[in-house]
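The values are calculated or read from the model by the stated rules, or taken from the named source; none is laboratory data. Please read these numbers as outputs of a predicted model, since none were measured by experiment. Glycine gets a Cβ as well: all are built from the backbone with ideal geometry, and neighbour counts include every protein chain shown. Surface accessibility is based on the protein's heavy atoms, side chains included, excluding ligands, DNA and RNA. Shrake-Rupley method; radii C 1.70, N 1.55, O 1.52, S 1.80 Å.
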Amino acid sequence: MEEKRKDLDAERQKRLLRAMVDEVSRGYPDLYYQPTSQIALIIHGHIRDGAKLRADDKELLLRLSERDIEVLLSLH
């Protein structure tokens, strides 16, 4: 059961991160051309400081480090 919960959380994190990339890209038109590490840094800051997320979604994403975000984005 615990393993299934982790899988569901990981899928939800990926979905939320894709939405964050779409949201942030509106303010950074050249985001597509940035290295994944730079995108992860921007996304991490956006989650921490300015994202309009439900509390449980924000909590789920704040568990991720910049490196975690970078890995999840590269798997997309």
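At full extension, Glu59 and Ala19 could sit 12.8 nm farther apart than now, given 0.36 nm per residue minus the alpha carbon distance.
The distance between label points at Lys52 and Thr36 comes to 3.0 nm (points 7 Å beyond Cα on the Cα→Cβ vector). With θ taken as phi - 60° and the Karplus curve 6.51 cos²θ - 1.76 cosθ + 1.60 applied, the whole-hertz 3J(HN,Hα) list for region 44-60 is 4, x, 5, 4, 5, 10, x, 6, 8, 10, 5, 4, 5, 5, 5, 4, 4 Hz, x standing for glycine and proline.
Rolling a 1.4 Å probe over the heavy atoms of the protein chains gives the chain an accessible area of 71 Å² per residue. All distinct Cα pairs of region 7-46 go into the 1/r average, and the inverse of that average, the Kirkwood radius, is 10.5 Å. Between Asp68 and Arg12, the simple spin-label model (points 7 angstrom out along Cα→Cβ) gives 1.3 nm. Considering the dipole of the chain built from charges on the beta carbon (Lys and Arg +1, Asp and Glu -1) around the Cα centre, which of Pro29, Ser65, Ala55 is farthest to its positive end? Selected residue: Ala55.
Can you work out the base-10 log of I(q)/I(0) for region 12-74 at q = 0.12, 0.26 1/Å, using the Debye formula on its C-alpha atoms alone? Summing over Cα pairs of region 12-74 leads to -0.24, -1.19. If I fit a long axis through the Cα atoms of helix 2-27 and take the longest principal axis of the Cα atoms of the chain, what angle between them do I get, 0 to 90°, rounded to 10? Result, in degrees: 20. Against the criterion of solvent-accessible heavy-atom surface with a 1.4 angstrom probe, Tyr28, Tyr33 sort, most first, into Tyr33, Tyr28.
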